[in-house]
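Values quoted throughout were computed directly from the atomic coordinates according to the rules given, and no laboratory measurement underlies them. All values reported here derive from a predicted model rather than from experimental measurement. Ideal geometry is used to build each Cβ from the backbone, glycine not excepted, and the neighbour counts take in all protein chains shown.
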Amino acid sequence: MKYHVLLAGKARAVELTRVDDAWKIALDGKELDASAVEVSPNTFSVLLNGESHQIRIAPRVDGTLTVHTGLAEYQAEVSDPRQWRGRKHGALEVQGRQQIAAPMPGKVLRLLVKEGDVVEAGQGLLVVEAMKMQNEVRSPKTGTVEKLLAKENQAVNAGDILAWVE
């Protein structure tokens, strides 16, 4: 699969090739010494030039993606050349029960919802502070907050499950 990606304002061509249970990656036509494995929904373990990285991808209401790796956060826009270019697609919204994970290590500052609340895709669920920056963790889908595992002032690690939205 070949994609055109606008990442942090720079256009790139990314090609993904499935090899057994992993993915091979080429960037702008150059094959990288990289492989990726999806370890949980929207979370990938990427081996790039011998270094391991965990990357979490979260769809946004406007159709773009938020990409978290370590403490860095990037906005990305992906266009699939197989899609009809003249057609306007709605925003990506995931289906089914979704776990909401901490994008980075930090502390839960505020809970913006409670169990049983109905939420819209993109609505803030809680605020995590990391390195003096506040990050609002949003719902990837319209649904109901089934379980809220996070508590205010709780320390969390990247990937810790904070909530479930059904």
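Odds and ends about this structure:
- Neighbour-count order for M104, M1, fewest beta carbons within 10 angstrom listed first: M1, M104
- Using the Karplus relation 6.51 cos²θ - 1.76 cosθ + 1.60 with θ = phi - 60°, the per-residue 3J(HN,Hα) values for region 100-108 come to 9, 10, 5, x, 7, x, x, 10, 6 Hz, with x marking Gly and Pro.
- The H on the amide N of Q154, modeled in the peptide plane, is under 5 Å from the matching H of V108, each at least 5 residues off or on a different chain.
- Relative contact order of region 94-166: 44 percent, from C-alpha pairs under 8 Å at least 6 residues apart in sequence.
- Contact order relative to length of the chain, as percent, for alpha carbon pairs under 8 angstrom and 6 or more apart: 17 percent
- Counting other Cβ atoms within 10 Å as a rough exposure proxy, the listed residues V108, V37 run V37, V108 from fewest neighbours to most.
- Computed about its Cα centre, the charge dipole of region 1-81 is approximately 140 debye, with only Lys, Arg, Asp and Glu carrying charge at their Cβ.
- Karplus (6.51, -1.76, 1.60) ³J(HN,Hα), θ = phi - 60°, over region 135-142, in Hz, Gly and Pro reported as x: 10, 7, 8, 10, 6, x, 7, 7
- Net length available on complete extension from N157 to K10 is 49.9 nm, with 0.36 nm assigned per residue and the Cα-Cα distance removed.
- Magnitude of the charge dipole for the chain, about its Cα centre and with charges confined to Cβ atoms of Lys, Arg (+1) and Asp, Glu (-1), is about 400 debye.
- J(HN,Hα) series, region 32-43, from Karplus relation 6.51 cos²θ - 1.76 cosθ + 1.60, nearest Hz, glycine and proline x: 8, 7, 8, 8, 9, 10, 7, 8, 7, x, 6, 10
- Long-range amide H partners of G122 with built H, under 5 Å: S139, K141
- Dipole of the chain computed with +1 at Lys/Arg Cβ and -1 at Asp/Glu Cβ about the Cα centre; of N49, G63, L148, farthest Cα towards the positive end is G63.
- The amide H of D160, built 1.01 Å from its N in the peptide plane, has A102 as neighbours under 5 Å, considering only residues 5 or more places off or on other chains.
- Sorting I100, I161, I55 from the fewest to the most surrounding beta carbons within 10 angstrom yields I161, I55, I100.
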